[in-house]
């Protein structure tokens with residue numbers, strides 16, 4: 001191969017490398033940007049007077065001096081709404097039965113939409129469900145619910161070749177000439193006075209417990225459960241992984257048995273995570289009964305088996321990368337095999353072992369399938385450390401999936417879903433950053 005050809009190939013590979021890095025950066029940007037943007041709305045948003053009311057009544061947090069006066073102004077702006085509704089009810093009683101029947105169903109939709117927007121009307125019995133006691137807490141949801149008050153929606157299936165077209169009709173046209181007609185103009189013009197939006201920084205989203213299935217409050221039980229499961233998995237997996245790697249590299253004699261073990265370890269690294277979840281259910285819970293039912297302990301043990309092959313392989317490669325002269329020098333000075341491993345080989349291979357720990361930690365924090373059967377629940381209180389031995393816990397990966405697919409008010413809590421995703425990404429980054437900084441310090445000490 002000529003020099004010119006080698007130079008051309010070097011430039012081609014360098015260009016391909018830069019293109020690959022650029023594509024990876026673009027992909028990360030494409031993925032992380034919506035997570036950062038929509039996840040931040042769980043912390044920073046325009047909160048209505050209803051949000052401040054919830055914070056004061058349910059979480060005992062807020063300005064008790066200013067809130068009553070502000071709430072009175074909101075109630076004063078809402079009074080004409082309830083008066084118009086009462087006048088229209090009285091008007092319907094004077095209508096003929098056929099005319100009253102035409103208005104009755106449409107009026108019920110308006111009344112229900114207003115109840116969802118503003119909360120129960122004054123004088124009504126307090127609802128049992130917490131979510132029904134308050135109106136809309138966020139300004140973006142307020143705009144959506146106001147639109148439902150102002151417009152009725154129907155699907156038109158008469159258009160050829162179309163599955164169905166959504167047709168919106170202004171409700172003011174439905175109630176033209178009745179005493180309900182002024183309602184729609186009034187609500188559109190005075191929605192700010194009724195809801196009194198204000199920019200809110202809700203950092204307690206991380207530290208508050210959820211109430212009424214995440215309609216209110218924060219995600220502290222999920223954050224704590226994720227930390228318990230991740231750190232518990234590392235606590236079990238790191239010693240076993242490092243010891244197994246030491247045995248394979250320093251004690252086991254090369255042969256068919258060792259080769260077979262290495263094949264098994266490599267195969268386990270590619271097994272789907274759901275298989276580990278089913279194994280954890282069958283072995284840890286149903287066979288050896290580490291707990292009576294789902295628990296953080298069972299989940300941590302299952303996650304530790306999931307990441308164990310990765311830890312073994314990374315630790316093994318790190319140990320094999322230590323120069324053989326280190327071992328020979330220690331043995332020639334009279335050190336025993338175990339003393340050499342403990343004081344020479346392990347410290348020299350620690351940066352590589354920490355690399356495997358970083359990768360495994362991120363995977364353990366983000367896995368969903370293994371904890372579905374062994375540890376995770378949809379709703380729960382924050383656990384004390386001693387409760388992790390026999391109690392299940394909410395966890396961010398499982399709750400993200402659960403809220404996105406099975407929650408009855410999935411559209412109402414989009415901010416919670418994205419807030420959980422953002423929090424999980426930040427937790428993984430912080431755990432990885434801590435491990436990377438530790439690895440850097442150890443490498444610096446080893447270099448002298």
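Each residue in region 104-143 was checked for being out of contact with any strand residue (DSSP E or B) (no Cβ under 9 Å at 6 or more places or on another chain), farther than 18 Å from residue 193 by Cα and either surrounded by fewer than 17 Cβ atoms within 10 Å (Cβ to Cβ) or at pLDDT below 85 (or both), and 13 of them qualify. With respect to the conditions (1) at pLDDT 85 or above; (2) in contact with a helix residue (DSSP H, G or I) (Cβ under 8 Å, 6 or more places away or on another chain); (3) surrounded by fewer than 20 Cβ atoms within 10 Å (Cβ to Cβ), residue 335 lacks only one, and its number is (1). Beta carbons closer than 6 Å, at least 6 apart along the sequence or on distinct chains, never pair a first residue in region 311-325 that is closer than 18 Å to residue 254 by Cβ and not assigned by TED's automatic domain parsing to the domain that holds residue 358 with a second that is at pLDDT 85 or above and crowded, with 17+ Cβ neighbours inside 10 Å.
Of the residues making up region 284-294, those that are under 16 Å from residue 304 (Cβ atoms) and crowded, with 17+ Cβ neighbours inside 10 Å are 284, 285, 290, 291.
A single entry from 33, 64 fulfils the requirement of being surrounded by fewer than 13 Cβ atoms within 10 Å (Cβ to Cβ), assigned by TED's automatic domain parsing to the domain that holds residue 193 and under 43 Å from the mean Cα position of the chain (by Cα): 64. In region 173-191, the qualifying residues are those that are over 20 Å from residue 93 (Cβ atoms) and surrounded by 17 or more Cβ atoms within 10 Å (Cβ to Cβ), and the one that is farthest from the chain's Cα centre (by Cα) is 184. Residues of region 311-347 that are part of a helix (DSSP H, G or I) and within 22 Å of residue 361 (Cβ to Cβ): 311, 312, 313, 314, 315, 316, 317, 318, 319, 346, 347. Going through (1) within 34 Å of the chain's Cα centre (by Cα); (2) surrounded by 13 or more Cβ atoms within 10 Å (Cβ to Cβ) one by one, residue 82 falls short only on (1).
The single residue among 392, 370, 382 that is more than 20 Å from residue 433 (Cα to Cα), in the same structural domain as residue 440 (by TED's automatic domain parsing), surrounded by 18 or more Cβ atoms within 10 Å (Cβ to Cβ) and out of contact with any strand residue (DSSP E or B) (no Cβ under 7 Å at 6 or more places or on another chain) turns out to be 370. A residue that is over 30 Å from residue 197 (Cα atoms), within 34 Å of the chain's Cα centre (by Cα) and assigned to a helix (DSSP H, G or I) can be found somewhere in region 7-18. For residue 55, state whether it is free of Cβ contacts under 8 Å to residues at least 24 places away in the same chain, surrounded by 12 or more Cβ atoms within 10 Å (Cβ to Cβ) and either in contact with a helix residue (DSSP H, G or I) (Cβ under 7 Å, 6 or more places away or on another chain) or not in a helix (DSSP H, G or I) (or both). In short, no.
The values are calculated or read from the model by the stated rules, or taken from the named source; none is laboratory data. Note that the structure is predicted; figures quoted are calculated from it, not measured. Don't worry about glycine lacking a Cβ; one is built from the backbone with ideal geometry, like all the others, and counts go over all protein chains shown.
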